[in-house]
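Asker: Starting off with a structure, shown below.
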Amino acid sequence: MALEKVTALPSGLKPGPPYPDWLNRADNAWELTAAAMVGLQSVPGLVILYGSMVKKKWAVNSAFMALYAFASVLICWVLWGHRMSFGTDMTAILAKPNEAMSQKYLLGQYKEYFLPNADYVFYQFAFAAITVILLAGSLLGRMNFYAWMLFVPLWLTLSYTVGAHTIWGSGFLETRGIIDFSGGYVIHLSSGVAGFTAAYWVGPRLSHDRQHFPPNNKIHMLGGAGFLWMGWSGFNGGSPLSAGLITSLAFLNTHLCTATSVLVWLSMDLIYYKKSSVIGAVQGMITGLVCITPAAGIVDTWAAMLMGVMSGSIPWYTMMILHKKLAFFQKVDDTLGVFHTHAVAGILGGLLSGIFAKPNLLRDFYGSGTISYGPGFLYGLIEGKKLEGFYQLLYQLAGAAFITVWNAVVTSLICILVSRVVALRMDEDDLEVGDDAVHGEEAYALWGDGERHPPPLKFNMTPKIPSFCRRH
């Protein structure tokens, strides 16, 4: 009897109305927390990061682009985007559009997991939103805001949903066994390629802005970067959709890879430029987070640290050396270097996942269903499964190629379509002024309560002599 009293669940934790038997409240609580953490990466994380990492005259516009995208994506996501990505198959690359708002759907069980569809809808929305906002980093400082308002729902519908369905939603790449733990291809490669492509069509910033574009507040920039880093705990930790062992491993690997990447990037700066850079540290942080994303819960910790070494050095080389040498990169004005921090690091992480993915961790994460995953190429050599490991690496390459081509082509078509309705780039006069011309607002009110200019000085005032100095 005593044992029964100890092990008996409190009445509030027992299954029953309004709690169905399949609902695990620990998993449910963690998934909601993880989804909220991913949302916080965008709002306020990237709102702060973008608003402080650009020139002062573009602070409001840059932050506003992120805020608008977050709101717009949520509406599109529940109306049609989620079911286009994760609904009933329509083709090998897309599912049937449908709403995700009915109580019957949202409160039903998500597949074999112990949580409701509502959790997964919001979690995947947060992924979709941050993808579009990351893309915006390539376009800051010159894109017409009204063109951006049209671009966001079009790109989400025609580009993001395809990547999400093909890799995560029973599309042709998922059925081949491609590994993407939490979005190295779906989110980061697509945002990097699409951002770079859109930057080509929008055109460059003013030449003097492009040459001199200092952050307006580096302390706030670090604050936004902090939201991004710690929010990644939910970004990768939420992918197993449970509060289990893979979640714990993904948590630790995420931060190990990122810390290693920051230190390697700073070391490269010190060796090459003889000084460390705060902006460089933020870039190294981002590349580490991106690189570990497709592998966070399916590699050992030593592999995560090795991935950090590579994410802190290879994107550094493409951004700091190749970018300045190759005319291809010089021609396109990628404001925050999203191509290097997300596309290059995303491909790197995807390929390294195909090398370091550990068989038992793959089984724990993906299960032992009809789709065969891995082993990674390294473990294929160790376990005498060279062919399987080689095929896994080929699938990773094929996935990277598909996401790259699809985003480059579709983003180009969207930009051409939007340009027929409204100019993609602001006019020259607005580009000279910045936020005040675009939104009628400025980031910092230095004179009075919202006044944008100091009151005029009055030099023609007649001085008043105190009464006790006057002659009577």
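The values are calculated or read from the model by the stated rules, or taken from the named source; none is laboratory data. Note that the structure is predicted; figures quoted are calculated from it, not measured. Cβ placement follows ideal geometry from the backbone for every residue including glycine, while neighbour counts extend to all protein chains displayed. Side chains are part of the model used for accessible areas, which takes the heavy atoms of the whole protein and leaves out ligands, DNA and RNA. Shrake-Rupley method; radii C 1.70, N 1.55, O 1.52, S 1.80 Å.
Asker: Do we have any residue at all in segment 345-354 that's open to solvent by 50 Å² or more (accessible area, probe 1.4 Å) and over 23 Å from the mean Cα position of the chain (by Cα)?
Answerer: No, because not a single residue in segment 345-354 is open to solvent by 50 Å² or more (accessible area, probe 1.4 Å) and over 23 Å from the mean Cα position of the chain (by Cα).
Asker: If you don't mind, there's one more thing I want to ask. Take the residues of segment 102-111 that are in contact (Cβ under 8 Å) with a residue 12 or more places away in the chain and either in a loop (DSSP other than H, G, I, E, B) or of a type in the set (Ser, Thr, Tyr) (or both): which is least open to solvent (accessible area, probe 1.4 Å)?
Answerer: Filtering first and then ranking leaves Tyr110.
Asker: Now, a different point. Inside segment 58-81, can you point out the residues that are of a type in the set (Gly, Ala, Ser) and under 30 Å from Ala437 (Cβ atoms)?
Answerer: Scanning segment 58-81 gives Ala59, Ser62, Ala63, Ala66, Ala69, Ala71, Ser72.
Asker: Would you be able to say whether some residue in segment 337-345 is out of contact with any helix residue (DSSP H, G or I) (no Cβ under 8 Å at 6 or more places or on another chain) and in contact (Cβ under 8 Å) with a residue 60 or more places away in the chain?
Answerer: no
Asker: Then there's this: Among the listed residues Ile179, Ile167, Ile187, identify the single one that is under 29 Å from Asp364 (Cβ atoms), touching an Asp or Glu at 6+ places or on another chain (Cβ under 6 Å) and among the β-branched types (Val, Ile, Thr).
Answerer: Of Ile179, Ile167, Ile187, the one residue that is under 29 Å from Asp364 (Cβ atoms), touching an Asp or Glu at 6+ places or on another chain (Cβ under 6 Å) and among the β-branched types (Val, Ile, Thr) is Ile167.
Asker: Leu79: open to solvent by 20 Å² or more (accessible area, probe 1.4 Å), in a helix (DSSP H, G or I) and not charged (D, E, K, R), yes or no?
Answerer: So Leu79 fits the description; yes.
Asker: When you check Met84 against the structure, is it of a type in the set (A, V, I, L, M, F, W, C), over 30 Å from His439 (Cβ atoms), surrounded by 15 or more Cβ atoms within 10 Å (Cβ to Cβ) and touching a strand residue (DSSP E or B) at 6+ places or on another chain (Cβ under 8 Å), yes or no?
Answerer: In short, yes.
Asker: Another question, if that's okay. Can you say whether Leu228 is modelled with pLDDT of 95 or more, open to solvent by 20 Å² or more (accessible area, probe 1.4 Å) and assigned to a helix (DSSP H, G or I), as far as the supplied structure shows?
Answerer: Judged against the criteria, Leu228 is not a match.
Asker: Which pairs turn up if I take residues in segment 372-396 that are free of Cβ contacts under 8 Å to residues at least 24 places away in the same chain and look for partners that are polar (S, T, N, Q) and open to solvent by 50 Å² or more (accessible area, probe 1.4 Å) with beta carbon separation below 9 Å, at least 6 apart in sequence or on another chain?
Answerer: Filtered contacts from segment 372-396: Glu388/Ser372.
Asker: Checking Leu270 against (1) in contact (Cβ under 8 Å) with a residue 12 or more places away in the chain; (2) in contact with a Ser or Thr (Cβ under 8 Å, 6 or more places away or on another chain): exactly one of these is not met. Which one?
Answerer: The single condition Leu270 does not satisfy is (1).
Asker: Continuing with this model, one more query. Could you please find all residues in segment 415-447 being among the aromatic types (Phe, Trp, Tyr) and within 29 Å of the chain's Cα centre (by Cα)?
Answerer: Across segment 415-447, the qualifying residue is only Tyr444.
Asker: Sticking with this one: All but one of (1) open to solvent by 30 Å² or more (accessible area, probe 1.4 Å); (2) modelled with pLDDT of 95 or more; (3) not in a helix (DSSP H, G or I) hold for Ser276; state the number of the condition that does not hold.
Answerer: Failed condition: (2).
Each row is one residue, and each column tells you yes or no for (1) surrounded by 24 or more Cβ atoms within 10 Å (Cβ to Cβ); (2) free of Cβ contacts under 8 Å to residues at least 60 places away in the same chain; (3) outside any helix (DSSP H, G or I).
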| position | (1), (2), (3) |
| --- | --- |
| Leu289 | yes, no, no |
| Thr293 | yes, no, no |
| Val299 | yes, no, yes |
| Ala303 | no, yes, no |
| Leu306 | no, yes, no |
| Val309 | no, yes, no |
| Ser313 | no, yes, no |
| Trp316 | yes, yes, no |
| His323 | no, yes, no |
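Asker: So, one more: With surrounded by fewer than 18 Cβ atoms within 10 Å (Cβ to Cβ) and within 18 Å of Val290 (Cα to Cα) as the only criterion, which of Leu249, Leu263 stands out?
Answerer: Leu263
Asker: Another question, then. Could you list, in sequence order, all residues of segment 58-73 that are farther than 22 Å from His208 by Cβ and open to solvent by less than 10 Å² (accessible area, probe 1.4 Å)?
Answerer: Within segment 58-73, Ala66, Ala69, Val73 qualify.
Asker: State yes or no: is Val282 surrounded by fewer than 24 Cβ atoms within 10 Å (Cβ to Cβ) and at pLDDT 95 or above?
Answerer: No.
Asker: Have a look at Ala423, Ala401, Ala408 and point out the one that is of a type outside the set (Asp, Glu) and free of Cβ contacts under 8 Å to residues at least 24 places away in the same chain.
Answerer: Just a single option satisfies the conditions, and that option is Ala401.
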